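Asks: After the structure tokens below, expect a handful of questions from me.
The values are calculated or read from the model by the stated rules, or taken from the named source; none is laboratory data. Remember, it's a predicted structure, so these values are computed and weren't measured experimentally. In this analysis, Cβ positions are derived from the backbone assuming ideal geometry, glycine residues included, and neighbour counts consider all displayed protein chains. Surface areas here come from the heavy atoms of the whole protein model, side chains and all, with no ligands, DNA or RNA. Shrake-Rupley method; radii C 1.70, N 1.55, O 1.52, S 1.80 Å.
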Amino acid sequence: MYEEQRPDHGPLAGFTVGVTAARRADELGVLLQRRGAAVLHAPALRIVPLADDSELLAATKEIIEQLPDIVVATTAIGFRGWVEAADGWGLGDELLARLGEVRILARGPKVKGAVRAAGLTEEWSPSSESMAEVLDRLLEEGVDGLRIAIQLHGEPLPGFVEALREGGAEVVGVPVYRWMPPEDIAPVDRLLDATIARALDAVTFTSAPAAASLLSRAEDRGLLDEVLAALSHDVLPACVGPVTALPLQSRGVDTIQPERFRLGPLVQLLCQELPGRARALPVAGHRVEIRGHAVLVDDDLKPVPPAGMALLRALSRRPGWVVARADLLRALPGSGRDEHAVETAMARLRTALGTPKLIQTVVKRGYRLALDPSAETKYADA
């Protein structure tokens, strides 16, 4: 059987992706790294341990003492965590017995599985996994005078609670996995600095609170405008779903989101988007694709130091045209006034690329990408 030969690097090789998640950050990081990405992890929030959560304990006791008419289970891990926490407090059997007396709506198949694993049976579950569909069903049936408990999961539910209350329902929130600011803010600051420096190609968000927390920290540091500018133009913000994207969109930042709100589809979307944003040029008989911290030369991945990437990007802005040493010096990160720094960085760049003829030295003028003649016209005004 014929097997297509593929490059030994992944679709995200040469790109650096920021991860703001606290929960399931390791899983997301592994998915990205398996596809070749470098990952910068900066949890923008931390999760209050369930066993220590006094609010969840109080809500659990309230549910047991004053039974709701309906319980809405929103996430599988949240529902399981709630039952396990109740067990730890010695309330597990009592909670399950009480939940067995009420109508349970499960947001989707995974949540339905968690409900059944606890020995309970849901009344209904939408195939779409949409909270909007859950809300529509409740409002169509009528909620006036009903007491409805909603298992929250750290995520805001825009309009959901308000719509039920407007319909006459009493709404009780069960706050599973509350978010708090991170104990160590240094990783978040590093991610913000990398975003502004365009040292990241994308930043992933898996919860709205994490997105809001990151922007809040940027504002505290006086960096909000710079961060928003980077996310709007150069650093791709990728959100797991529309609710997660709300804090960014409210600031005018467009995001990308997978059709299915899961980590796997989120990573697959990045695998499509980031290579599509990379600049590819025909240079000296080779196909050169400029990625975040590496270059593909005919599908051969070449890691390049930051100074070399800065020079290469400056040359690629006007491919085939001569770029003066003084202009290249200004492009170097942290450069001084000595143009010898350009020569040193250029030598290292050529070594990293492994194909010296890609970049030509034009005596007394500067350097140029050796753009193939057939492409000169196409890229003349690039």
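Asks: What is the gain in length, in nm to one decimal, between Val30 and Ala324 on full extension, counting 0.36 nm per residue of separation less the C-alpha to C-alpha distance?
Replies: In short, 101.6 nm is gained.
Asks: Report, in debye and to the nearest 20, how large the dipole of segment 12-87 comes out about its Cα centre when Lys and Arg carry +1 and Asp and Glu carry -1 on their Cβ.
Replies: Computed charge dipole of segment 12-87: roughly 640 debye.
Asks: Just add up the charged neighbours of Gly90: K/R +1, D/E -1, any other residue whose Cβ is under 13 Å from the Cβ of Gly90.
Replies: -3
Asks: Under the rule of -39500 (n - 2.57) per DSSP H run of 4 or more residues, summed and divided by the residues of the chain, what mean residue ellipticity at 222 nm is obtained, to the nearest 500 deg cm²/dmol?
Replies: -12500 deg cm²/dmol
Asks: Please work out the FRET efficiency for the pair Thr361 and Gln249, using the Cβ-Cβ distance as r and a Förster radius of 51 Å; give the result to the nearest 0.05.
Replies: It comes to 0.60.
Asks: Most mobile of Glu129, Glu140, Glu162 per a Gaussian network model of the chain (Cα springs, under 10 Å)?
Replies: Glu140
Asks: So, R0 is 30 Å and r is the distance between the beta-carbons of Ala280 and Glu133; what FRET efficiency does that work out to, to 0.05?
Replies: That pair, Ala280 with Glu133, gives E of 0.10.
Asks: With the full set of protein chains in place, find how many percent of the accessible area of segment 152-294 is carbon and sulfur; take the probe as 1.4 Å.
Replies: Accessible surface attributable to carbon and sulfur in segment 152-294 totals 50 percent.
Asks: If amide hydrogens are placed 1.01 Å from N in the peptide plane, which non-local residues have theirs closer than 5 Å to the one on Ala294?
Replies: It is Val304, by chain and number.
Asks: May I ask you to rank Tyr177, Tyr367 by accessible area, largest first, using a 1.4 Å probe over the protein chains only?
Replies: Tyr177, Tyr367
Asks: How much of the pair distance distribution for the chain lies past 29 Å, counting alpha-carbon pairs only, in percent?
Replies: Tail fraction, whole percent: 54.
Asks: What is the antiparallel percent of DSSP beta bridges lying wholly in the chain, to the nearest 5?
Replies: For the chain, the DSSP antiparallel bridge percentage is about 45.
Asks: Charges only on Cβ, +1 for Lys and Arg, -1 for Asp and Glu: so what's the dipole of segment 50-194 about the Cα centre, in debye to the nearest 20?
Replies: Approximately 380 debye in magnitude.
Asks: Still on this structure: Once the other residues with Cβ under 15 Å from the Cβ of Val203 are scored (Lys, Arg +1; Asp, Glu -1), what is the net sum?
Replies: Local charge sum for Val203: -2.
Asks: On average, how much accessible surface per residue is there in the chain, in Å², for a 1.4 Å probe, leaving out ligands, DNA and RNA?
Replies: Dividing the accessible area of the chain by its residue count gives 48 Å².
Asks: Taking segment 45-179 on its own, what percent of its Cα-Cα pair distances exceed 22 Å?
Replies: 31
Asks: Here's another thing I want to ask about it. For a quick check: with amide H placed at 1.01 Å from N, whose amide H comes under 5 Å from Arg279's, ignoring anything fewer than 5 positions away on the same chain?
Replies: Residues meeting the criterion, in which the H sits 1.01 Å from N, are Ile290.
Asks: Roughly how far apart, in whole Å, are the Cα centres of segment 6-60 and segment 335-372?
Replies: About 38 Å separates the Cα centre of segment 6-60 from the one of segment 335-372.
Asks: Related question: Which net charge results for the neighbourhood of Leu224, defined as the other residues with beta-carbon distances under 15 angstrom from its beta-carbon, given Lys and Arg at +1 and Asp and Glu at -1?
Replies: -3
Asks: Out of Leu139, Thr20, Val362, whose Cα points farthest toward the positive end of the dipole of the chain (charges: +1 Lys, Arg; -1 Asp, Glu; placed on Cβ)?
Replies: After comparing all options, I get Val362.
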